[in-house]
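Novice: For reference, the structure I am asking about is given below.
Values quoted throughout were computed directly from the atomic coordinates according to the rules given, and no laboratory measurement underlies them. Source: prediction; values computed, not measured. Ideal geometry is used to build each Cβ from the backbone, glycine not excepted, and the neighbour counts take in all protein chains shown.
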Amino acid sequence: MSVLDHLRELRRRLIVVLIIVALGAVVGWLVYNPLLEILKQPYCNIPFQHRLGAQNQSESQCKLLFRAPLDGFTIRLKVSVIAGAILTAPLWLYQLWAFVTPGLRRNERRWTIAFVASSSLLFAIGMGLAYFTLYKGLNVLVTQAGSGTQAGLDVNSYISFVVLMLVIFGASFELPLLIVMLNAVRVLPYSLLRRGQRLGIFLVFAFAAVATPSTDPFTMIAMAVPMVLLFELAVLWSFLHDRRRARRALAEQEQLPDDVASAVNPLPERLEQRSSSDWTDLP
């Protein structure tokens, strides 16, 4: 395919992705109220006396405020679009993968189902961890202000914060899948991962410190530690995959017919390492 054909194909795939997300946003709009109840639970877990308006509400009530007239519509639209993108993730991830697969080998194209399923599962695990972190951590953050204070969280800032946490955690958990796929297509071998393993762990903690919307170390550690574990699992998978690939290549060389020459290096290793100027000293 020419460059223009690739651009046309990319445009077509992006249009399909936008249509899929738009249809998912319609579903998210219809189920907005149950989603809002789920997103409110970390805030409702805050002690009653620390929530703004507690004197006008019963202890069982948990309400968020908004101040601008358009805040209600804006937050519903935002939650609906993000919920639609998450619900339809397997469909638009397949579209992105289908754009990449023409450049892969035939056996590499068989990973489509594994890629879509793994990416969706990792994203869901990341979101689940983010929700658990918020459920436990928001209470700790708010109560640190003291007994004479109350959290005046409006619905726009609070929902934006929660959704951002969920998306960042979910997206960050795609890191091991990216490493595995790059290793599978021979772009990122295990030898390179082994040399940069310590740097990779450092970058994971740096990313967690910058990416988390809150500045508390609890949230950073809650993101960084699972990411490091997943990163190490991806490195281990790369080691096993490269070793199996090397054994398969060796076995194929040993099974060559008698009339086919083996792929051998015509020069000894010691001579290969000599510079071109050293050859002038030879008789």
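Novice: Quick one: if the Förster radius is 41 Å, what FRET efficiency do Ser157 and Ile113 give, using the C-beta to C-beta distance and rounding to 0.05?
Specialist: The formula returns an efficiency of 0.55 here.
Novice: Continuing with the same structure: Could you work out how far apart the two model spin labels at Ala68 and Asn45 are, taking each label as a point 7 Å from the Cα in the direction of the beta carbon, and quote it in nm?
Specialist: 2.9
Novice: Could you compute the FRET efficiency for Glu37 and Leu199, with r as their C-beta to C-beta distance and R0 at 51 Å, rounded to 0.05?
Specialist: 0.75
Novice: Fewest first, what order do Lys63, Lys40 take by the number of other Cβ atoms within 10 Å?
Specialist: The most exposed by this proxy come first: Lys63, Lys40.
Novice: Determine the equivalent ellipsoid of region 1-53 by diagonalising the alpha-carbon gyration tensor, then write out the semi-axes as square roots of 5 times the eigenvalues, largest first, rounded to whole Å.
Specialist: Those come to 44, 13, 6 Å.
Novice: Ok, one more. Provide the FRET efficiency to the nearest 0.05 for the His6-Ser120 pair, computing r from the beta carbons and using R0 = 30 Å.
Specialist: Efficiency computed from Cβ-Cβ geometry: 0.70.
Novice: Follow-up question, since we're still on this one. If we sort 166-173, 70-77, 196-203 on the protection proxy, mean other Cβ atoms within 10 Å, highest first, what's the order?
Specialist: Put in order of decreasing packing, that is 166-173, 70-77, 196-203.
Novice: Based on the Cα coordinates of region 189-238, what is the per residue volume of their convex hull in Å³?
Specialist: Value for region 189-238: 60 Å³ per residue.
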